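Below you'll find the structure, written out as structure tokens, and then a few comments.
The values are calculated or read from the model by the stated rules, or taken from the named source; none is laboratory data. Quantities reported herein were computed from a predicted structural model and do not represent experimental measurements. Cβ placement follows ideal geometry from the backbone for every residue including glycine, while neighbour counts extend to all protein chains displayed.
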Amino acid sequence: MPVTFKVLPELNLVLSWFRGDVSTAQHIASFQAYAADPLFDGKQHVLVDMSNCTLESSYFDDMQRLAYQMKSYYSVRDLSSKTSAYAPGDVAYGMSRMYQSITEGNSPWAFGVFRTRHEAIAFVDIQPGSAQEALLLANWDAN
């Protein structure tokens, strides 16, 4: 599957992996599945790993469509939750920044795009060197 996720309630976080060329429909379906998951909590932060995601066929129109179609998902997220995208590659980083720009003002929660795992983790309020970080990295590296 191009998009998988794991809910980590003990970290108040869902960790999501995007792999290969992820379509707008697959992106939306993954967040709908997360919102329907029994472990879902609107206050959870989201950390998206895009290190193995190409997004090569995604263009500006797709990003606009994605931002519009995700509005129902925005409504179930708490204002205190954050989304952090780990996108070390140029294409994924650029497309994620474009999405961030399009959703600015429409999304009720903070959205950050980062080239390093350290920055992406810190954005979702997990302290470096903490037991929480060790648990997150163990789950992240296991997938």
Notebook entry, point to check: Is at least one residue of region 106-121 in a helix (DSSP H, G or I) and touching a Gly at 6+ places or on another chain (Cβ under 7 Å)?
Noted result: no
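What residue, of ALA134, ALA138, ALA110, is surrounded by fewer than 17 Cβ atoms within 10 Å (Cβ to Cβ) and under 15 Å from the mean Cα position of the chain (by Cα)? Don't jump to the end; show me each part of the working.
Details: ALA134 fails: under 15 Å from the mean Cα position of the chain (by Cα); ALA138 fails: under 15 Å from the mean Cα position of the chain (by Cα).
When all the criteria are applied, what remains is ALA110.
Hey, could you check region 1-44 for residues that are part of a helix (DSSP H, G or I) and β-branched (Val, Ile, Thr) and say which is farthest from SER84 (Cα to Cα)? Break it down stepwise before answering.
Step one: of region 1-44, the residues part of a helix (DSSP H, G or I) are 9-11, 24-36.
With β-branched (Val, Ile, Thr) added as a condition, the list becomes 24, 28.
Values: THR24: 18, ILE28: 16 Å.
Result: THR24.
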Note to self: Tell me yes or no: at least one residue of region 65-82 is under 26 Å from GLU133 (Cα atoms), outside any loop (DSSP other than H, G, I, E, B) and at pLDDT 95 or above.
What the structure shows: no
